[in-house]
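Working notes, beginning with the structure itself.
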Number of protein chains: 2
Amino acid sequence: MDIAFVLYDRFTALDLVGPYEALAAHPEVTPHFVAATRDVVRCDAGLPVQPTATFAELTRPDIVVVPGGSGWRPALDNTAVISWLAAVHPRTTWTTSVCTGSLLLAKAGILAGRRATTHWTLRETLAALGAEVATERVVFDEKVVTAAGVSAGIDMGLSLAAEMWGRETGEFIQLVMEYDPQPPMDCGSPEKADPAVVAAVRERVAAA
Amino acid sequence: MDIAFVLYDRFTALDLVGPYEALAAHPEVTPHFVAATRDVVRCDAGLPVQPTATFAELTRPDIVVVPGGSGWRPALDNTAVISWLAAVHPRTTWTTSVCTGSLLLAKAGILAGRRATTHWTLRETLAALGAEVATERVVFDEKVVTAAGVSAGIDMGLSLAAEMWGRETGEFIQLVMEYDPQPPMDCGSPEKADPAVVAAVRERVAAA
């Protein structure tokens, strides 16, 4: 099972690593880190990742995982990424995204008429690109699975693991990851956070 | 503020990326990905990371983050890593680890008589290396902060962000990360998981 983790300039590391950690260690899986070229790709907070394949080299992935990131806007105009997504999607088993990665799926025509989600600050942008916006943390619409912002990719990866390999394997992976979260504050969604903090995050995203 | 994220062969990506995502985007922070050489380092499930500095080049980090990983056992005998940890620790503001990263801190003499935690399968190993083992998800002992397995690094990173920069900044970062976890199953700790799954994970770790 070939999983393509899609890299582009200024993607968000945790968007990729959440599902990666849940899926990539399974013995059936070969993970690939795919970009336009083999040059190192930098995450939006600086982590440099070395691609293992180019889009031209990997044309039949079984699963595609598209992370979001601060670089989502230029990525929408990055023909190499968008045309590859459109080309490989018809033959995938699962096409997935985390956070603003769904905007790239939408741009590639994959979310037309589909229920999908994204980072909570960019739901209108996702709707404008033709998706039917859902606000759940993980959204399954047939073989297209989208997760909300950043850390939601962990929940998506574990859901997908349980769906593909059975509940017991999913539980095994979750226990290996010791995923029994204890967030230090209770402010991880706009409904729960202080309105001043919600406004500050919206402002930061709009400025970016 | 220079943060050193320590790389060694077969570290676990999420151990590093959890705290990285919580800390590295702050405007005061310069993240460094530090290894024995500048050669690409592979995570235990295959992700290749490009170091940005060698241990010889970064001698005064303000914060050190040591991830765990399947490669923890050879890392204990890796003099480059262990002696660097021992050398830089006296002048850090915070010395931290996630998962089996605490075993490396212990080997470097940093946890003698200190309360610390690790992945739930390796508490006896941590005790044998001289630490006073705690079972909380995130353990502060003065400037030494240790987190439990893999995903606990997210909770540690956010706790540290709130501690250093104030609660409102911590809330801002948690909301940007949309960290309102909804684990698909309730089995992320040995107390909550099915005993058969607990036994299977212990067996896998012992075999590794």
Would you kindly identify the helices (runs of 4 or more DSSP H) lying entirely within the range A:108-208 that contain at least 1 residues that are without any contact (Cβ under 8 Å) to a residue 12 or more places away in the chain, open to solvent by less than 30 Å² (accessible area, probe 1.4 Å) and within 30 Å of B:Val139 (Cα to Cα)? A:167-176, A:195-207
Is it fair to say B:Val197 is closer than 22 Å to B:Thr135 by Cα, more than 22 Å from the chain's Cα centre (by Cα) and of a type outside the set (Ser, Thr, Tyr)? yes
Of residues in the range B:42-67 being within 19 Å of B:Val88 (Cβ to Cβ) and either surrounded by 22 or more Cβ atoms within 10 Å (Cβ to Cβ) or facing chain A (nearest Cβ under 9 Å) (or both), the one farthest from the chain's Cα centre (by Cα): B:Thr52
Kindly provide the set of residues from the range A:72-99 that are within 24 Å of A:Ala45 (Cβ to Cβ), assigned to a loop (DSSP other than H, G, I, E, B) and in contact with a strand residue (DSSP E or B) (Cβ under 9 Å, 6 or more places away or on another chain), ordered by number. A:Cys99
For A:Phe33, work out the one condition from (1) within 14 Å of another protein chain (Cβ to nearest Cβ); (2) assigned to a helix (DSSP H, G or I); (3) surrounded by fewer than 24 Cβ atoms within 10 Å (Cβ to Cβ) it doesn't fulfil. (2)
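Against the condition open to solvent by less than 10 Å² (accessible area, probe 1.4 Å), within 25 Å of A:Asp39 (Cα to Cα) and at pLDDT 95 or above, how does B:Leu16 come out, does it pass?
yes
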Test B:His89 against the criterion of being away from every other protein chain (no Cβ under 14 Å), surrounded by 17 or more Cβ atoms within 10 Å (Cβ to Cβ) and touching a Gly at 6+ places or on another chain (Cβ under 9 Å), and give yes or no. yes
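The values are calculated or read from the model by the stated rules, or taken from the named source; none is laboratory data. Everything numeric here is computed off the predicted structure, so don't read it as measured data. Heads up, the Cβs are rebuilt from the backbone with ideal geometry, glycines too, and the neighbour counts pull from every protein chain shown. All accessible areas refer to the heavy atoms of the entire protein, side chains included, with ligands and DNA or RNA removed. Shrake-Rupley method; radii C 1.70, N 1.55, O 1.52, S 1.80 Å.
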